[in-house]
Amino acid sequence: MPMTPEHTIEDAKLVPESPSTGLAVIKLNRFLPIEPMGEDSRQFALDNGTRWDVTQGERKPDQDDDDDELYVQNAKGEWVIWPHDMRDVRGRFYRTRPDAQGNQGSTAGRLLTQDFLMGSASSATGLLFAAVPLFSLLIVLLSNSALAILPVMALLATLSLLAISTGGWAIVAAVGAALPLVALALPEPSQLHDPTSFLGSSKFFIPVGVVLGMAFLFGSLRHARLVVGGLLAVGVVLGLSIILPDILRPLVLALPSAWCGTLWSSSLMSQRAAHLQWQKKVASWEDSANGTFHIEARRAQLLNIIN
């Protein structure tokens, strides 16, 4: 039904979606909790960015819609304009704003410097990781055609973008992208009746040597568990691919590459949690009252002006 001025907001909520919007089915809010996520983000920003230590103005109960001024109450209960020279609204990022019980949290345990300088990682990075195994599989499918140059160029461009946005994770993605190409060198299942003919051939040592070389070249003692775990996972995938039919080999070998995006995001969350924990420990002075001595003085200054 058409909307008229007398319709209220509640009426608008009852208006059904137009059947002509055929693309409505692909809206993200049908698959992801977009609105709750947005509300959580808004609440997080208010908790950490609100200037809670000085009196803030507000709209008075009977204020006209055309009046954009903010007001405060004086000792007589009268609403007076909030003095413009007392309007400190930029957050100090010193403790969160008090909740309904007056409790506060540590801002140092919630925000990092890079949140202000760089923001969060781009959501497009996950799409780049997802594109790597797809391009790798296309190379395998078009290996006997001149058109294979197209997915090769797309794969190189994707890895270059990943190198810019994720650094060393582009190397992990590159190793994962190379695994489906190993399917072109693996033996037929019939050759497995004579294991020595395969294990002693270059078709076995070349792919295994490449994986081992990349792991030890870019690994370290600090990342020993990741290197060992990665090698075990690659070994299992290689073992499965050997005994599977040719048509399934590239798909199985693409599994490690398909997991790169998930591993990258998990790594980011783990690093952030560790950094926030360390930062909160270092900024233990935030739990003291050293940053609250000015509150009473500012409140008295405001009352002296409005009364």
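What follows is calculated from the coordinates using simple rules that are stated; it is not laboratory data. Please read these numbers as outputs of a predicted model, since none were measured by experiment. Cβ atoms come from the backbone with ideal geometry, glycine included; neighbour counts cover every protein chain shown.
Laid out as a table, the results:
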quantity	calculated
Fewest-first sequence of Asp88, Asp66 by Cβ atoms within 10 Å of each Cβ	Asp66, Asp88
5 angstrom amide H check on Ala108, placed H, neighbours 5+ away	Arg95
In nm, spacing of pseudo-spin labels at Asp115 and Ala274 (7 Å Cα→C-beta vector)	2.0 nm
Ascending count of other beta-carbon atoms within 10 Å, so fewest first, for Arg249, Arg51	Arg51, Arg249
Additional length obtainable on full extension of the chain from Leu244 to Glu58, 0.36 nm per residue less Cα span	60.0 nm
R0 of 22 Å, Cβ-Cβ distance Ser266-Gln43: FRET efficiency to nearest 0.05	0.35
Label zone at Leu142, where the point sits 7 Å out along the Cα-to-Cβ direction: the range 233-260 residues whose backbone N lies under 19 Å	250-251, 254
Sorted by Cβ density within 10 Å, fewest first, the residues Phe116, Phe44, Phe135	Phe116, Phe44, Phe135
3J(HN,Hα) from dihedral phi, the range 31-37, Karplus parametrisation 6.51/-1.76/1.60, rounded to Hz, x for glycine, proline	10, 10, x, 4, 5, x, 5
Phi-based couplings in Hz for the range 244-251 (Karplus 6.51, -1.76, 1.60; Gly and Pro marked x)	8, x, 4, 5, 9, 4, x, 5
